[in-house]
């Protein structure tokens, strides 16, 4: 596991995103992409951050729902590779919260950001990947 990927406080991510009217969330997504590449050697969609940001803007946020879904699947797969219990279906909850963001003034999308950060923090605190997962 990379030593330069550091956990972030999910509550701080949520508060900074609210206080900056969502601007910090853009920085956080960039950092999440960087962390995922460092830990799993790929981005959630196979595209770079800037391409996914552009597609999200051009589709009025619809591509962002797919990005969040893929981030959740990638984090869950990484947790399973480390022998961690994933449990519930986080991907469905993320999609529901992201769709609800269109009527909640984007507040539920901030919840998915905090959920992703919490998942990443658990990965960083958990065991290293098994040898089978490391060999990809």
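The values are calculated or read from the model by the stated rules, or taken from the named source; none is laboratory data. Since the model is a prediction, treat every value here as computed from it, not as a measurement. Using ideal geometry, Cβ is built from the backbone for each residue, glycine included, and neighbour counts are taken over all protein chains shown.
Among the residues making up region 62-78, a single one is over 18 Å from residue 121 (Cα atoms), surrounded by fewer than 18 Cβ atoms within 10 Å (Cβ to Cβ) and either in contact with a strand residue (DSSP E or B) (Cβ under 6 Å, 6 or more places away or on another chain) or touching a residue at least 12 places away in the same chain (Cβ under 8 Å) (or both): 66.
Here is the figure for region 34-61: residues that are in a helix (DSSP H, G or I) and surrounded by 14 or more Cβ atoms within 10 Å (Cβ to Cβ) total 11.
Checked against the criteria, residue 97 does not count as assigned to a helix (DSSP H, G or I) and within 20 Å of residue 34 (Cα to Cα).
Of everything in region 21-57, what is under 18 Å from residue 114 (Cβ atoms) and out of contact with any helix residue (DSSP H, G or I) (no Cβ under 9 Å at 6 or more places or on another chain)? Give them in sequence order.
21, 31
Scanning region 6-33 for residues being touching a residue at least 12 places away in the same chain (Cβ under 8 Å), surrounded by fewer than 16 Cβ atoms within 10 Å (Cβ to Cβ) and outside any loop (DSSP other than H, G, I, E, B) gives a total of 4.
Only one of the numbered conditions (1) part of a helix (DSSP H, G or I); (2) closer than 22 Å to residue 14 by Cβ; (3) at pLDDT below 90 is violated by residue 74, and that is (3). From the residues in region 81-90 that are touching a residue at least 40 places away in the same chain (Cβ under 8 Å) and under 14 Å from residue 120 (Cα atoms), which one is surrounded by the most Cβ atoms within 10 Å (Cβ to Cβ)? That would be 81. Taking the criterion of being crowded, with 20+ Cβ neighbours inside 10 Å and more than 21 Å from residue 16 (Cα to Cα), the only residue of region 91-123 that qualifies is 123.
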